[in-house]
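The values are calculated or read from the model by the stated rules, or taken from the named source; none is laboratory data. On a predicted model such as this, the values are computed, not experimentally measured, just so you know. Note that each Cβ is placed from the backbone with ideal geometry, even for glycine, and that neighbours are counted across all protein chains shown. For the accessible areas, the whole protein counts, side chains as well, though only heavy atoms, and no ligand, DNA or RNA atoms are used. Shrake-Rupley method; radii C 1.70, N 1.55, O 1.52, S 1.80 Å.
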Amino acid sequence: MASAATIEAPSRRDFLFLTAGAVGAVGVAAVAWPLVDQMSPDASTLALASTEVDIGAIPEGQIVTVKWRSGPVFIRHRTKKEIEDGENVPLGELRDPQTDQSRVKKPEWLIVAGVCTHLGCVPLGHEGKYEGWLCPCHGSIYDTSGRIRQGPAPLNLAVPEYAFLTDTRVKIG
Amino acid sequence: MSGPSTYVPKSAIGRWFESRLPLMGLVHSSFVAYPTPRNLNYMWAFGAILSFMLVAQIVTGVVLAMHYVPSATEAFGSINHIMRDVNYGWLVRYMHTNGATLFFLACYIHMFRGIYYGSFKAPRELLWIIGVVIYFLMAATAFLGYVLPWGSMSFAGATVITNLLSAIPLVGTAITHWLWGGYAVGDPTLNRFFSLHYLLPFIIVGAVGLHVWALHVAGQNNPDGVEVKNAERDTVAFTPYATIKDVFALSVWLIIYAWLIFYIPNYVLDADNSNIANPLATPAHVVPEWYLLPFYAILRAIPNKLMGVIALFASIAILAFLPWLDRSPVKSAKYRPTYRFFFWVFVVICIGLGWLGSQEPTEGLTLIARFLTVGYFGFFLIIMPLLSFTEKTKPIPASIADAVLPKKADAAAAAQA
């Protein structure tokens, strides 16, 4: 065999070396994963998945902040003007184009996560050029539909999953 | 430069010990007999000052950890407990908070010193890069520590900084949830931040060990930026010369430290952080601690989230590439008039960015911040490479001794000839 001089046939030692190495690598990964995954949200955090809110007491024009999954959610009882402002924006002007109708279930109730999509601060209501929200951290400006209009944030305020249980009761999550 | 130790202990016990573990020989060759350039100025005292500040932060931090409770419900109260009830708790906490300020101030002087005198150039590239790593670890440690009092600014800072990672495409949000241990900054976040805040300083100690080791292999740079040629003429022994100088500089530094602690202990603290963290509201004006303001201004100057985050990290990472951006064979700005001019422009840009970072962002100020951000990167990416080849430098002295002892040097040169 001419090739034997240039390419040595794999020996039992090579086989043992490779298999032992592979088992060792699996072992290291099996130990490393629990050490990494222990930092993920735990069972008690995942258990707090939904929250129910009575919205009957919120007057027109007011924004109420409720806590859902340890973060803020804005419930905004919009005025006629605020609804019109939200609806009458050409989609071409938007950074993250979404119609106002696609962001609400009932036009007078806007429900969005109160987390700026830039770096997570809580925006201030009724502020900024569009009187929607203004983020105090880096100046992102949202309109009355919670859509990003100006500043560094890339996306609209997120709309969480929610459902109207009755006319005055909302379940978020 | 240090070479094998010639240290011989005087006592029999010392000789017995030394022949088994040459610890005292290492100390002797590193901090007693170690030759230091004879022209060092007080800018070279900041290595010693920084070492002191690191030890001070660790000692006060270990003490604070005996009384602090890392829990979202109790952390804020435990800080007040330290300030009011614990014996000398107020003192130790003010030493720790103001210590961070002086640690960073000394670090910035140390870094600007390196940039001014070309201390990052061959053969000190690794020494410099380890320094950049230490700086990054310091910034991370300071950020983690700032979260621990669980004030409203702690909470906002934790939210903003961890959200930087959410800019990573596809996996960003998953990474932030993993980092928080929840869907927002909360109790699990505080606990792990405390754990890491306790861990990182010891990693810094290790990195400082490498930094000093690399320094003692390459030898110190000096204000004239010429290498030691003749150890007899160009250097003096570390002890007593550098030791005494370092002790004097440290004493002056301690006066400033004491003045901060006893007269204006809350000067660098944000009043908003005296309010307990509220996950449902962000303070009206969110700012980081002063030492991170320039980077914050760069982040805000860029209107795109991902690009802003990239620019923020790039503004620190670019420091590691200095040895290859500045190719001028002359090290010290003393002999580089154009570089010296742009160095001071750069210092003004950094201070300007810091001021802008502390202000509420208006359109005008954001525009200025953009200009200064371009200036910040321009200094490294345009000015440095350009000056490397175009600048007309002044003649450098033949040796360190020639620079500081002109007459003696002439006589010595004549004698040698």
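Condition first: of a type outside the set (A, V, I, L, M, F, W, C) and open to solvent by less than 50 Å² (accessible area, probe 1.4 Å). Now tell me which residues in segment B:310-336 satisfy that.
Taking segment B:310-336 as the starting set, the residues that turn out to be of a type outside the set (A, V, I, L, M, F, W, C) are B:315, B:323, B:326-329, B:331-332, B:334-336.
Residues satisfying the conditions are B:Ser315, B:Pro323, B:Asp326, B:Ser328, B:Lys331, B:Ser332, B:Tyr335, B:Arg336.
Picking from A:Thr45, A:Thr19, which residue would you name as being over 30 Å from B:Ala184 (Cα atoms), hydroxyl-bearing (Ser, Thr, Tyr) and outside any loop (DSSP other than H, G, I, E, B)?
On the way: A:Thr45 fails: over 30 Å from B:Ala184 (Cα atoms).
Only one candidate qualifies: A:Thr19.
Return the residue satisfying two criteria in turn: it lies in segment B:253-268 and is open to solvent by less than 40 Å² (accessible area, probe 1.4 Å) and in a loop (DSSP other than H, G, I, E, B), and of such residues it is farthest from B:Ile349 (Cα to Cα). Can you show your working first?
Quick first cut of segment B:253-268, residues open to solvent by less than 40 Å² (accessible area, probe 1.4 Å) only: B:253, B:257-258, B:260-261, B:265, B:268.
From the residues that got through so far, the ones that are in a loop (DSSP other than H, G, I, E, B) too are B:265, B:268.
Working: B:Pro265: 28, B:Val268: 21 Å.
Applying the filter and picking the extreme gives B:Pro265.
Kindly indicate whether any position in segment B:302-309 is open to solvent by less than 50 Å² (accessible area, probe 1.4 Å), on the phi < 0 side of the Ramachandran plot, within 11 Å of chain A (Cβ to nearest Cβ) and aliphatic (A, V, I, L, M).
Taking segment B:302-309 and keeping what is open to solvent by less than 50 Å² (accessible area, probe 1.4 Å), we get B:302, B:305, B:308-309.
Filter once more, so that each one left must be on the phi < 0 side of the Ramachandran plot: B:302, B:305, B:308-309.
Restricting the remaining residues to those that are within 11 Å of chain A (Cβ to nearest Cβ) gives B:302, B:305, B:308-309.
Those still in the list that are aliphatic (A, V, I, L, M) too: B:302, B:309.
Scanning segment B:302-309 turns up at least one residue that is open to solvent by less than 50 Å² (accessible area, probe 1.4 Å), on the phi < 0 side of the Ramachandran plot, within 11 Å of chain A (Cβ to nearest Cβ) and aliphatic (A, V, I, L, M).
When only residues in segment B:130-164 that are in contact with a Leu (Cβ under 7 Å, 6 or more places away or on another chain) and open to solvent by 20 Å² or more (accessible area, probe 1.4 Å) count, which is farthest from the other protein chains (Cβ to nearest Cβ)?
Across segment B:130-164, the extreme among qualifying residues is B:Ile130.
Could you tell me whether B:Ala167 is within 14 Å of another protein chain (Cβ to nearest Cβ), in contact (Cβ under 8 Å) with a residue 12 or more places away in the chain, open to solvent by less than 60 Å² (accessible area, probe 1.4 Å) and touching a Lys or Arg at 6+ places or on another chain (Cβ under 6 Å)? Working first, answer last.
Working: within 14 Å of another protein chain (Cβ to nearest Cβ): yes; in contact (Cβ under 8 Å) with a residue 12 or more places away in the chain: yes; open to solvent by less than 60 Å² (accessible area, probe 1.4 Å): yes; touching a Lys or Arg at 6+ places or on another chain (Cβ under 6 Å): yes.
So B:Ala167 fits the description; yes.
Can you find, within segment A:157-168, the residue that is most open to solvent (accessible area, probe 1.4 Å) among those that are closer than 19 Å to A:Arg69 by Cβ and not hydroxyl-bearing (Ser, Thr, Tyr)? Even if it seems obvious, please write down each step before you answer.
Taking segment A:157-168 as the starting set, the residues that turn out to be closer than 19 Å to A:Arg69 by Cβ are A:157-163, A:165.
So of that shortlist, the ones also not hydroxyl-bearing (Ser, Thr, Tyr) come out as A:157-161, A:163, A:165.
Working: A:Leu157: 1, A:Ala158: 55, A:Val159: 60, A:Pro160: 16, A:Glu161: 142, A:Ala163: 44, A:Leu165: 87 Å².
Among those that are closer than 19 Å to A:Arg69 by Cβ and not hydroxyl-bearing (Ser, Thr, Tyr), it is A:Glu161.
Looking at B:Ala284, is it among the small types (Gly, Ala, Ser) and either buried (at least 19 other Cβ atoms within 10 Å of the Cβ) or farther than 17 Å from B:Ser358 by Cβ (or both)? I'd like the intermediate steps shown before the answer.
On the way: among the small types (Gly, Ala, Ser): yes; either buried (at least 19 other Cβ atoms within 10 Å of the Cβ) or farther than 17 Å from B:Ser358 by Cβ (or both): no.
When the stated conditions are applied, B:Ala284 does not pass them.
Hey, could you check segment B:366-389 for residues that are within 12 Å of B:Phe342 (Cβ to Cβ) and free of Cβ contacts under 8 Å to residues at least 12 places away in the same chain and say which is farthest from the chain's Cα centre (by Cα)?
B:Leu386
Only one residue in B:Ala106, B:Ala122 is aliphatic (A, V, I, L, M) and not in a helix (DSSP H, G or I), so which one is that? Quick ask: steps written out before the conclusion?
On the way: B:Ala106 fails: not in a helix (DSSP H, G or I).
Matching residue, one of B:Ala106, B:Ala122: B:Ala122.
In segment A:114-140, how many are open to solvent by 20 Å² or more (accessible area, probe 1.4 Å) and either of a type outside the set (Asp, Glu) or without any contact (Cβ under 8 Å) to a residue 12 or more places away in the chain (or both)? Outline the logic, then answer.
Keep residues of segment A:114-140 that are open to solvent by 20 Å² or more (accessible area, probe 1.4 Å), which gives A:115, A:117, A:124-131, A:134, A:139.
Still in the list and also either of a type outside the set (Asp, Glu) or without any contact (Cβ under 8 Å) to a residue 12 or more places away in the chain (or both): A:115, A:117, A:124-130, A:134, A:139.
Residues in segment A:114-140 being open to solvent by 20 Å² or more (accessible area, probe 1.4 Å) and either of a type outside the set (Asp, Glu) or without any contact (Cβ under 8 Å) to a residue 12 or more places away in the chain (or both): 11 in total.
Quick test for you: out of B:Ser78, B:Ser11, B:Ser19, pick the one residue that is open to solvent by less than 20 Å² (accessible area, probe 1.4 Å), over 30 Å from B:Val132 (Cα atoms) and of a type outside the set (Val, Ile, Thr). Spell out how you get there, then give the answer.
On the way: B:Ser11 fails: open to solvent by less than 20 Å² (accessible area, probe 1.4 Å); B:Ser19 fails: open to solvent by less than 20 Å² (accessible area, probe 1.4 Å).
Every option except B:Ser78 fails the conditions.
Could you check how many residues of segment A:57-84 are open to solvent by 50 Å² or more (accessible area, probe 1.4 Å) and either among the hydrophobic types (A, V, I, L, M, F, W, C) or more than 9 Å from chain B (Cβ to nearest Cβ) (or both)?
Qualifying residue count, segment A:57-84: 7.
When A:Thr144 is evaluated against the numbered criteria (1) touching an Asp or Glu at 6+ places or on another chain (Cβ under 7 Å); (2) over 23 Å from A:Ile55 (Cβ atoms); (3) part of a loop (DSSP other than H, G, I, E, B), which criterion, by number, is the only one it fails?
All conditions are met except number (2).
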